Amino acid sequence: MKVKNKLRLGFGFLFVVVLFFGLISLFYINEISNSAKVILKDNYESLSFTRDMRTVLDDHDLPLSAQPAADFDSQLTKEEHNITEAGELDAVQNLRRVFNQLRGKTTSAGQLKLAERDARKYLRTIDMVNMKAIVIKNDKAHESVKNASIFLGFAGTFTFLILFSFSINFPGIISGPLNSLLAGIREIAQKNYTQRIHFDKNDEFAEVANAFNDMAFRLDEWENSNLSKILSEKIRIETIIEQMHDAIIGINENQEILFINSAAKNILGLKENRPEGKSVKTIISENDLFKSIIEGEKTGVPFKIFADGKDSHFQLETREISVPNLSPDHASPVVKAQKSAGKVYILRNITEFKERDEAKSNFIATISHELKTPISAIKMSAKLLADDRVGNLNEEQGQLVEHITGDAERLLKITYELLDLSQVETGNIQLNFVPTRPDQIIEYAVKAVKFEADQKGLIIEQKIAADVPEISADVEKTAWVMINFLSNAVRYSHAKSKIVVEVSGHDNMVAFSVKDFGKGIESQYQERLFDRYFQVPTDGQNKSGSGLGLAISKEFITAQGGDIGVESEVGIGSRFYFHLPALPVTI
């Protein structure tokens, strides 16, 4: 039977039970009401008639005159039409006969007295018959009320038991299958595809159960059919990982080694053991290199490991593995779509690139060193050509010599920058820390660019705080950074504008800054200004540099324990700054 029909039948049954109880109640209430009506209407009226006739006899002399006789006759006539009890008819007929004597004019006094006595006797008979009937009918009414109460009690109890049983059992018809379906769905959510649901009845729930069983069967079939494929893919992936030259380590969410290839075992010295499946804590306690890798100490920073009989360079990459969250924690207020399945650590062997980089740095250093002498010679020759003692040059020759001198100076500057860069790349920066006053560095740098600034009519304004402390720094390299800042400011400042050089002390640091009022630098280029070989695109009015000055400046400042940066806004100008640690003030 369909669930819809079950609901209709159940509620129809409830309607019939309520209707049955209501009809029985109405029937017995009507019976009680009718019994009460009979008592009040019939017998009570007869008693009322006899009372009125007795009153006429009591209040008037015999024989009865016309008006009393008419009153008596009226009540007697009503009684004659209200005879309901056995024996009442004879008494009424006799009363009619005696009444005719009571109003007769020829009746003697003795006869009248006898007739009055008989009339009262018949009136008492009528009263007794009706009173007895009232008692009998009252008893019957009470009996009827009692029977009705008992029957209604039984009917009410029966109806209550039926409704109670219905209210207990009928919801189970709906909730039972739903609970079974809910339990089955939860089992499926836990990947228990062998779960099945069976209902004996043929209704919608049985159809849902059949659909559920079909779904579970297909899921179970799909999982079993794909198991071999998954295992095959797993073996394939493990083979690929094993054959990769980079060292790869996989850690699952339980901090256990999921996979590790031979390259990683060789580097970490784990070849003799079988680390797969072991806890990370166990291996960390025995292997310091493995510990530094797992704890992220080497992430993003090239480091050296002795492997394969030589020093090799590696760079660590860490990847978080996220998978779909197929079984979320419903107790949690936030349900995430993905969850972490562990991490993969990749040790990339960058030895070849490191060697190439060192070769490049050595090549640049060698070439730069070799170029210094011929470039200096070209510069000296151009200077001699410009000297009047050698000979006079015409205007065009003078311009050519001037261009040669400028280009030679530019080449020589680039050569020195390349030499500094090679020192930076090879880690051979030689720093000579000496206590010095910041104003001395500023004075040296300003003198170095004063001639070029005067040619453009620029004013270099110096703002050096009076209480600025001394610093311990490499004067030559720090001054080189300031000269680089000032040279760039002179190059990109408008003619006859101003450059502000400021030095101040705060938080145990000394701040140096150079501010120009040129066209400024767009925000998209500011983050890359200190990268090697990066050059801000120009509009053709200013010559671009080699792209090394700011990169070398950053290396010089960071090597001295400071930091460097830029603030710029298009149309307003730029402010380059760096901070160096101040010397403690001795008292």
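The values are calculated or read from the model by the stated rules, or taken from the named source; none is laboratory data. Just so it is clear, the structure is predicted and the values come from calculations on it, not from any experiment. Here the Cβ positions follow ideal geometry from the backbone for every residue, glycine too, while neighbour counts run over all protein chains shown.
Structure data summary
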item: Residue match in segment 556-563 (condition: out of contact with any Leu (no Cβ under 6 Å at 6 or more places or on another chain), assigned to a helix (DSSP H, G or I) and at pLDDT 90 or above); result: yes
item: All positions within segment 25-55 that are modelled with pLDDT under 75, surrounded by 14 or more Cβ atoms within 10 Å (Cβ to Cβ) and not polar (S, T, N, Q); result: Tyr28, Glu31, Ile32, Ala36, Val38, Ile39, Asp42
item: Of all residues making up segment 253-307, the number that are in contact with a helix residue (DSSP H, G or I) (Cβ under 8 Å, 6 or more places away or on another chain), modelled with pLDDT under 70 and of a type in the set (A, V, I, L, M, F, W, C); result: 1
item: Unique residue being out of contact with any Gly (no Cβ under 6 Å at 6 or more places or on another chain), loosely packed, with under 14 Cβ neighbours inside 10 Å and modelled with pLDDT under 80 when the list is Leu152, Leu163, Leu178; result: Leu178
item: Where Asp467 falls short, out of the listed (1) of a type outside the set (Val, Ile, Thr); (2) in contact with a Gly (Cβ under 8 Å, 6 or more places away or on another chain); (3) at pLDDT 90 or above; (4) under 19 Å from Pro581 (Cα atoms); result: (3)
item: Qualifying residue in segment 57-80 (condition: surrounded by 19 or more Cβ atoms within 10 Å (Cβ to Cβ), among the β-branched types (Val, Ile, Thr) and modelled with pLDDT of 80 or more); result: no
item: So Gln101, is it without any contact (Cβ under 8 Å) to a residue 12 or more places away in the chain and surrounded by 13 or more Cβ atoms within 10 Å (Cβ to Cβ); result: no
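Condition check ((1) at pLDDT 75 or above; (2) surrounded by 13 or more Cβ atoms within 10 Å (Cβ to Cβ); (3) in contact with a Lys or Arg (Cβ under 6 Å, 6 or more places away or on another chain)) across all residues:
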{"site": "Pro374", "(1), (2), (3)": "yes, no, no"}
{"site": "Asp387", "(1), (2), (3)": "no, no, no"}
{"site": "Val390", "(1), (2), (3)": "no, no, no"}
{"site": "Gln397", "(1), (2), (3)": "yes, yes, no"}
{"site": "Arg410", "(1), (2), (3)": "no, yes, no"}
{"site": "Tyr416", "(1), (2), (3)": "no, yes, no"}
{"site": "Thr436", "(1), (2), (3)": "yes, yes, no"}
{"site": "Asp439", "(1), (2), (3)": "yes, yes, no"}
{"site": "Tyr444", "(1), (2), (3)": "yes, yes, no"}
